[in-house]
1. Can you confirm whether region 61-76 contains a residue that is loosely packed, with under 10 Cβ neighbours inside 10 Å and touching a Leu at 6+ places or on another chain (Cβ under 9 Å)?
2. Suppose we filter region 84-124 for residues that are assigned to a loop (DSSP other than H, G, I, E, B) and either within 27 Å of the chain's Cα centre (by Cα) or surrounded by fewer than 10 Cβ atoms within 10 Å (Cβ to Cβ) (or both); how many remain?
3. State the number of residues belonging to region 7-27 that are among the β-branched types (Val, Ile, Thr), under 49 Å from the mean Cα position of the chain (by Cα) and open to solvent by 80 Å² or more (accessible area, probe 1.4 Å).
4. Could you tell me how many of the residues in region 28-60 are closer than 27 Å to residue 74 by Cβ, open to solvent by 100 Å² or more (accessible area, probe 1.4 Å) and of a type outside the set (Asp, Glu)?
Amino acid sequence: MTRIFIVILAAGIVAVGMRLVGPDGVWYRTMELEKAIALQQAENAKQRLRNEELAAELYSLENRSGAIEEKARRELFMVKADEVLFRIETTEEYSARNRQLSEMPDYGAPDIAPGAEPTFDPKKADLYHAPKHLRAPPARGKRE
């Protein structure tokens, strides 16, 4: 009787050990979760820095009068009425811009043959059609 109890107890200990250390065990899952947490914390740190940069930019746009003009000049290449803009590009920037322009379709001269099938299905706009529950009630009587 004692031997049976010892065998059952040993089997239970082995089963619990396999749940802890086995291929789907808790320790492996814990290590995976710790790695995932470390990756997420690194991503959170990058996003926190980005948020701080955006907050500083927003503050400067709200409180500094020249910040809007500076941003427009730097990012949108805007100039005043009596200024001339000279923009110096590297060869990589020039080739990237030309590549982007060559990939865009020519909207001025579309490549559509006369009498070709339409390239889209026309759709009745919501402007001309209202759902039944939003339509006006019918008139009560005709006026003459």
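The values are calculated or read from the model by the stated rules, or taken from the named source; none is laboratory data. Everything numeric in this text was worked out from a predicted model, so none of it was measured. Methodologically, a virtual Cβ is constructed for each residue, glycine included, from the backbone with ideal geometry; neighbour enumeration extends over all protein chains shown. Ligands, DNA and RNA are excluded from the accessible area calculation, which covers all protein heavy atoms including side chains. Shrake-Rupley method; radii C 1.70, N 1.55, O 1.52, S 1.80 Å.
1. Among the residues of region 61-76, not one is loosely packed, with under 10 Cβ neighbours inside 10 Å and touching a Leu at 6+ places or on another chain (Cβ under 9 Å), which makes the answer no.
2. Final tally of qualifying residues: 26.
3. Total meeting the criteria: 2.
4. Matching residues across region 28-60 total 5.
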